[in-house]
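Read the structure below first, then the notes.
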Amino acid sequence: MTSHLISIEDLDRAAIERILLRAQSFAEVSGREIKKVPALRGRTVVNLFYEASTRTSSSFELAATRLSADVINIRASGSSIEKGESLRDTVQTLTAYEPAAIVIRSPYAGAAAQVAQWTDAAVVNAGDGKHEHPTQALLDVFALQSRVGRLDGLKIWIVGDVLHSRVARSDISAFQKMGAKVTVAGPPTLLPREIEALGCSASPTLDGLTEADVIYVLRMQHERMQEAFVPSLGEYAARYQINHERLRPGQLVMHPGPVNRGVEISADVIDSEISLIGEQVKAGVAVRMAVLYELLVGTTTLAAVA
Ligand code: NCD
């Protein structure tokens, strides 16, 4: 039986806390001059990225390297994936190297769960279409906890293109498991109809934004839009952009990156001290080290796929 991390639903609050505690100790390692521990020496981690990525791919690579694993990075462009090799054949080919873990990002919802059926390696979902991005949610909780302490009772508004966002789906679940109260806000065309079934509130305007302790801004995800969901980016920005005029003192702002400066968030907010964006990126390495460690060495039981 192998453990995987496919969805935040694989984790209860105790499991999240265990991973984040482990991440805390890896954050200390990352503060040392020699940023390496021998935990995964002699084991192989494959990073398989079928979709654009800067932060997630670089931090998984750094995480595996700092755990002393041998790391193979495969991108869709420049690999046999471009020649039409199927996901199943690619995974079977890579299985010949006997990887301990496969980290996969794919434009298709369900891809990571599918890969878990084809390999003995531990599978980590690094984003599957509009479905989930569990390590992003874990690093978001880590970065926020490092700034404010426990999330119990915290009011978090997730603003923007919720419909196309795997980050929103994973974050809603993770924030709520940690005791926060979540509201999603954005144009009605970008709020999925079933969203309240996830336990959060939904608002088509930013009228109540002052109640939020934390505002989590989402990127307008043009690449997932097959039709026009908003009249124009200018009009979107006029009604929903997070900028200093809309914020009150004491509020914090997060964003998973990459940002569209001046669209969903203003440049001055990105660069101000109320923004956690840099801390989120930094948290990515320690949290992904913790996830790989827990799956391959530690004791956390994640989703068990027989
Ligand atoms: C997100 C993603 O790719 O899902 N980015 C990330 O991993 N940091 C969000 C996005 O692309 O908007």
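Among the residues of segment 261-278, is any surrounded by 17 or more Cβ atoms within 10 Å (Cβ to Cβ), touching a Gly at 6+ places or on another chain (Cβ under 8 Å) and closer than 30 Å to ILE102 by Cα? Yes, because at least one residue in segment 261-278 is surrounded by 17 or more Cβ atoms within 10 Å (Cβ to Cβ), touching a Gly at 6+ places or on another chain (Cβ under 8 Å) and closer than 30 Å to ILE102 by Cα. Look at (1) more than 16 Å from the ligand (Cβ to nearest atom); (2) open to solvent by 30 Å² or more (accessible area, probe 1.4 Å); (3) part of a loop (DSSP other than H, G, I, E, B); (4) not aromatic (Phe, Trp, Tyr) and you find that GLY298 fails only one, number (2). In summary, ALA238 fulfils each of the numbered conditions (1) over 15 Å from ILE158 (Cα atoms); (2) within 16 Å of the ligand (Cβ to nearest atom) with the single exception of condition (2). Look at ALA111 and say whether it is surrounded by 19 or more Cβ atoms within 10 Å (Cβ to Cβ), within 16 Å of the ligand (Cβ to nearest atom) and touching a residue at least 12 places away in the same chain (Cβ under 8 Å). Yes, satisfied. Screening segment 87-196 for helices (runs of 4 or more DSSP H) wholly inside it with 2 or more residues that are in contact with a Cys (Cβ under 9 Å, 6 or more places away or on another chain) returns the ranges 166-177. Among all positions in segment 70-86, there is no residue which is surrounded by 23 or more Cβ atoms within 10 Å (Cβ to Cβ) and either touching a residue at least 24 places away in the same chain (Cβ under 8 Å) or not hydrophobic (A, V, I, L, M, F, W, C) (or both). PRO231 meets each of the listed conditions (1) in a loop (DSSP other than H, G, I, E, B); (2) open to solvent by less than 50 Å² (accessible area, probe 1.4 Å) apart from (2).
Taken over segment 24-38, the residue count meeting the criterion of being open to solvent by 40 Å² or more (accessible area, probe 1.4 Å) and either under 30 Å from ALA96 (Cβ atoms) or not assigned by TED's automatic domain parsing to the domain that holds ILE74 (or both) is 2.
May I ask you to list the residues in segment 197-211 that are surrounded by 15 or more Cβ atoms within 10 Å (Cβ to Cβ) and assigned to a helix (DSSP H, G or I)? Residues satisfying the conditions are LEU198, LEU209.
Of everything listed in (1) within 16 Å of the ligand (Cβ to nearest atom); (2) more than 21 Å from the chain's Cα centre (by Cα); (3) open to solvent by less than 20 Å² (accessible area, probe 1.4 Å), the single unmet condition for GLN251 is (1). For beta carbons closer than 7 Å, sequence separation of 6+ or different chains, a first residue in segment 1-23 that is outside the structural domain of TRP118 (by TED's automatic domain parsing) and a second that is open to solvent by 40 Å² or more (accessible area, probe 1.4 Å) and assigned to a strand (DSSP E or B), the qualifying pairs are MET1/ALA304; SER3/ALA304.
Residues in segment 237-248 that are farther than 26 Å from ALA143 by Cβ and surrounded by 11 or more Cβ atoms within 10 Å (Cβ to Cβ): ARG239 only. Quick check on segment 97-111. Is at least one of its residues of a type in the set (A, V, I, L, M) and farther than 24 Å from SER165 by Cα? Yes, segment 97-111 contains a residue that is of a type in the set (A, V, I, L, M) and farther than 24 Å from SER165 by Cα. The set of residues in segment 281-292 that are surrounded by fewer than 22 Cβ atoms within 10 Å (Cβ to Cβ) and within 12 Å of the chain's Cα centre (by Cα) contains only VAL281. Which of the residues spanning segment 44-62 are polar (S, T, N, Q), in a helix (DSSP H, G or I) and in contact with a helix residue (DSSP H, G or I) (Cβ under 8 Å, 6 or more places away or on another chain)? Correct list: THR56, SER59.
Within segment 253-295, track down each residue that is of a type in the set (D, E, K, R) and either over 18 Å from ALA212 (Cα atoms) or assigned to a helix (DSSP H, G or I) (or both). Passing the criteria: ARG261, ASP268, ASP271, GLU279, LYS282, ARG288, GLU294.
The values are calculated or read from the model by the stated rules, or taken from the named source; none is laboratory data. Computed from a predicted structure; not experimentally measured. A quick note on method: Cβ atoms are made from the backbone with ideal geometry, for glycine too, and the neighbour counts reach across all protein chains shown. To get the accessible areas, we keep the full protein, side chains included, count just its heavy atoms, and leave off ligands, DNA and RNA. Shrake-Rupley method; radii C 1.70, N 1.55, O 1.52, S 1.80 Å.
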